[in-house]
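The next block holds one structure in the form of structure tokens; read it before the comments.
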Amino acid sequence: MLQENSIKLSLSYAIASRVKDYFMMMKFTLTFLVVFSCVVAYLLVPGVEFDLIKVLLLFTGGILVSGSANIINQILEKETDKLMARTAPRPLPAGRLTVSEASVVAVVTGATGIAVMGFTFNWLAAGLSLLSLVIYGFVYTPWKKWNSLAVLVGAFPGALPPLIGWAAGDNALSEGGWALFAIQFLWQFPHFWAIAWVAHTDYTRAGFRLMPSDRGPGKMIALQSAMYALLLIPAGVAPYLLGLTGYISAIVAILIGCFYLYRAINLYRKCDVPSARKLMFGSYIYLAVIFLALLFDKVK
């Protein structure tokens with residue numbers, strides 16, 4: 001009896017450990033933030049009312065598709081992940097999962113997520129989800145070793161979730177969806193360059209070329225980050241100008257945009273890792289605040 005209980009306990013631990021590795025491969029925390037903007041965009045579509053079942057299905061479909069793209073990314077970067085302290089503990093480079101097993105999980109999650117988007121919402125949203133997965137997994141991922149244009153390439157799939165959410169509710173690529181796409185598109189440049197600044201040593205060791213300067217972190221990159229942060233201020237006001245949201249969201253967009261810009265200017269002034277880290281965390285605050293403000297100030 002004792003031996004049987006021990007076997008059951010070991011089996012339960014093994015299953016829990018494997019599930020944890022699957023979640024790690026899917027980058028669940030980051031994926032959650034991405035899918036959050038997708039759900040908010042869906043709810044911002046005129047005439048769309050809050051429906052818990054629909055929201056959960058959209059959330060599930062987004063998580064699965066985005067998770068699949070992240071798994072593909074880690075399959076292709078298994079060897080380079082071994083070279084970086086931040087990524088070496090991941091399931092594939094650490095040897096806890098095989099490439100074959102990860103490939104099966106990527107196919108199952110990707111196909112299931114696209115099916116959820118297509119059958120529950122519409123095939124425009126499903127097609128955009130597939131496009132996002134392909135660009136991120138098979139274009140952006142290998143491009144990171146070619147040149148810094150990878151950041152521009154990666155910004156497209158990174159900005160597609162709001163457009164996917166809008167398409168799920170509107171079944172069209174109308175101006176409201178593109179306005180939300182623009183916000184997330186511009187947001188990514190200061191966000192990603194801040195990450196690349198903090199992890200510059202690791203990225204260089206792995207052969208990734210993500211800085212728009214061969215000299216690495218410096219004032220030019222910080223200046224470009226500030227320029228994109230500045231552009232986010234009018235972009236954040238655009239939903240109000242389009243009549244999607246009220247004036248309160250426009251005020252919040254200006255204030256949170258100034259906060260993001262301040263963090264980028266501070267990086268330009270100091271050009272150090274602590275300032276880059278503050279910009280990185282500030283980017284998460286910006287995205288959460290702007291989309292919540294848009295949602296709560298939606299014009300009914």
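Assorted remarks:
- Within the stretch 118-159, the set of residues being out of contact with any Phe, Trp or Tyr (no Cβ under 9 Å at 6 or more places or on another chain), in contact (Cβ under 8 Å) with a residue 40 or more places away in the chain, under 19 Å from THR204 (Cα atoms) and part of a helix (DSSP H, G or I) comprises THR141, PRO142.
- Output for the stretch 73-90, where each listed residue is buried (at least 19 other Cβ atoms within 10 Å of the Cβ), assigned to a loop (DSSP other than H, G, I, E, B) and either of a type in the set (Asp, Glu) or more than 21 Å from the chain's Cα centre (by Cα) (or both): GLU77
- Put simply, of VAL48, VAL55 the only residue that is of a type in the set (A, V, I, L, M), more than 21 Å from ASP202 (Cβ to Cβ), out of contact with any Asp or Glu (no Cβ under 6 Å at 6 or more places or on another chain) and not in a helix (DSSP H, G or I) is VAL48.
- Condition met for LEU58 (within 15 Å of LEU163 (Cβ to Cβ) and in contact with a helix residue (DSSP H, G or I) (Cβ under 8 Å, 6 or more places away or on another chain)): yes
- Matching residues in the stretch 218-266 - criterion: being open to solvent by 30 Å² or more (accessible area, probe 1.4 Å) and aromatic (Phe, Trp, Tyr): TYR228, TYR240, TYR247, PHE259, TYR262
- Selection status of ILE63, β-branched (Val, Ile, Thr), without any contact (Cβ under 8 Å) to a residue 24 or more places away in the chain and either open to solvent by 30 Å² or more (accessible area, probe 1.4 Å) or touching a helix residue (DSSP H, G or I) at 6+ places or on another chain (Cβ under 6 Å) (or both): no
- Every residue from the stretch 172-187 that is surrounded by fewer than 22 Cβ atoms within 10 Å (Cβ to Cβ) and in contact with a helix residue (DSSP H, G or I) (Cβ under 6 Å, 6 or more places away or on another chain): ALA182
Results for (1) open to solvent by less than 90 Å² (accessible area, probe 1.4 Å); (2) over 22 Å from the mean Cα position of the chain (by Cα); (3) at pLDDT 65 or above, shown as yes or no for each residue.
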{"position": "GLN3", "(1), (2), (3)": "no, yes, no"}
{"position": "LEU11", "(1), (2), (3)": "no, yes, no"}
{"position": "SER17", "(1), (2), (3)": "yes, yes, yes"}
{"position": "MET26", "(1), (2), (3)": "yes, no, yes"}
{"position": "THR29", "(1), (2), (3)": "no, no, yes"}
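- Members of the stretch 98-129 that are closer than 23 Å to LYS78 by Cα and surrounded by fewer than 22 Cβ atoms within 10 Å (Cβ to Cβ): THR98, VAL99, SER100, GLU101, ALA102, SER103, VAL104, VAL105, VAL107, VAL108, ALA111
- The single residue among ARG269, ARG215 that is out of contact with any Gly (no Cβ under 9 Å at 6 or more places or on another chain), among the basic types (Lys, Arg), open to solvent by 30 Å² or more (accessible area, probe 1.4 Å) and not in a helix (DSSP H, G or I) turns out to be ARG215.
- Considering TYR240, TYR203, the condition of being among the hydroxyl-bearing types (Ser, Thr, Tyr) and at pLDDT 95 or above is satisfied by TYR240 alone.
- Filter result for SER132 (under 17 Å from VAL48 (Cβ atoms) and among the hydroxyl-bearing types (Ser, Thr, Tyr)): no
The values are calculated or read from the model by the stated rules, or taken from the named source; none is laboratory data. Since this is a predicted model, take the numbers as computed values, not measurements. Cβ atoms come from the backbone with ideal geometry, glycine included; neighbour counts cover every protein chain shown. When the accessible area is computed, the model is the full protein with side chains, heavy atoms only, and any ligands, DNA or RNA have been set aside. Shrake-Rupley method; radii C 1.70, N 1.55, O 1.52, S 1.80 Å.
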